[in-house]
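The numbers here are math on the coordinates, done by the rules we state, and not lab data. Values in this document were obtained by computation on a predicted structure and should not be read as measured data. Note that we place each Cβ from the backbone using ideal geometry, even for glycine, and neighbour counts take in every protein chain shown.
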Amino acid sequence: MRSSKFFRGSRGRADDGRGPGPALDPQELDPKEIEKAVEITAVRLLARREHAVEELRRKLRSKGHADEAIDPVLTRLTAKRLVSDDRFVTSFVHHHAQRGQGPIRIRAELRQQGIADEAIDAALENTNTDWGLQAQSVRQRKFGAALPAGMAERAKQARFLQYRGFSSDQIRAALKADVESWSLPE
């Protein structure tokens, strides 16, 4: 069994980035060793999926790493292009559009991740997604090919599409029913 500061527990398992990490006493280690531990944790997180810089900072803090060690590591990882907000936003938009989410919901979730509005706008514009067709496809998967039979069903489907993050124009395109053809109760 290896003995190292970066291993924990009696089984000698390596820190896999999921737990609280190795118990590092700042008094015992020099700053370079602490930064190395932060970098190892960050790279393991990045190996699973793309992360925004702020999201990665939050996760490293939650694992007990100090801001003094996190900031230089994130600067280094950004310079090496191992972490990129632009790459994260592009990946996020593509993934969530494929899941049937609309641009409004995607924008809100990216804002929660600390992404700038300019980067969000650029990613949403650069995607090859026709949001009207996307809304129609999502509606058909949920409710079938038949258009809503009445106003109550239309309202139900519109609320669903609104929850998924589509705009009112996109919802109207997806529901493309002629409202005037419905007979209203007198």
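Data for the structure
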quantity: Cα centroid of the range 57-101 to Cα centroid of the range 130-145, whole Å; calculated: 32 Å
quantity: Cα→Cβ-extended label distance, 7 Å offset, between Asn126 and Lys176, nm; calculated: 3.0 nm
quantity: Viscosity 0.692 mPa s, 37 °C: Kirkwood-radius Stokes-Einstein D of the range 76-186 over Cα pairs, µm²/s; calculated: 212 µm²/s
quantity: Which of Asn126, His95, Gly114, positive extreme of dipole for the range 85-126 (C-beta unit charges); calculated: His95
quantity: 5 angstrom amide H check on Val83, placed H, neighbours 5+ away; calculated: Thr78
quantity: Cβ crowding within 10 Å averaged over residues, with 97-103, 79-85 ranked highest first; calculated: 97-103, 79-85
quantity: Under 17 Å from the Cα of Lys63 - lysines, other chains or at least 8 residues apart; calculated: Lys5, Lys36
quantity: Extent along principal axes [Cα atoms of the range 85-126; Å; largest to smallest]; calculated: 23, 17, 15
quantity: Charge dipole magnitude, Cβ of K and R +1, D and E -1 - the range 51-113, Cα centre, debye nearest 20; calculated: 200 debye
